[in-house]
Amino acid sequence: MARIEYLKDQLARAERLAKAILDQQTVQRLQAFAAECRAELQVLTRRAAA
């Protein structure tokens, strides 16, 4: 469960920063990182539910 909470925290931070930053390249990288966190989070929550 610790990894799930970590991913949720990182996802929220990345999305929050992406909204506050004006540099497009940084925004794209943050959004990509958030998408990676979201994908891993889905895998982990499916495993936890099974």
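What follows draws every value from the coordinates through simple rules; no lab data is involved. Given the structure is predicted, the values throughout are model-derived calculations rather than measurements. No Cβ is skipped: glycine too gets one built from the backbone with ideal geometry, and neighbour counts run over all protein chains shown.
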**Request:** Please report the relative contact order for region 1-43, taking Cα pairs under 8 Å with a sequence separation of at least 6, and give it as a percent rounded to a whole number.
**Result:** 48 percent
**Item:** Gyration tensor verdict on the chain (Cα atoms; rounded if a/c is under 1.5, prolate if a/b is larger than b/c, oblate otherwise)
**Value:** prolate
**Request:** Any chance you could give the angle, 0 to 90 degrees and rounded to 10, that helix 2-20 forms with the longest Cα principal axis of the chain?
**Result:** 20 degrees
**Prompt:** Taking only DSSP H segments of four or more residues, each worth -39500 (n - 2.57), what value at 222 nm results for the chain once the sum is divided by all its residues, to the nearest 500 deg cm²/dmol?
**Reply:** -31500 deg cm²/dmol
**Message:** Suppose every Lys and Arg Cβ carries +1 and every Asp and Glu Cβ carries -1, with no other charges. What dipole size does region 2-49 come out with about its Cα centre, to the nearest 20 debye?
**Reply:** 140 debye
**Asked** Mind listing the phi-derived Karplus ³J(HN,Hα) values for region 25-36, rounded to whole Hz, using 6.51, -1.76 and 1.60 with θ = phi - 60°, and x for any glycine or proline?
**Response** 5, 5, 4, 5, 5, 5, 5, 5, 5, 4, 5, 5
**Message:** Starting from 0.36 nm per residue, how many nanometres of slack lie between residue 13 and residue 31 once their C-alpha separation is accounted for?
**Reply:** 5.4 nm
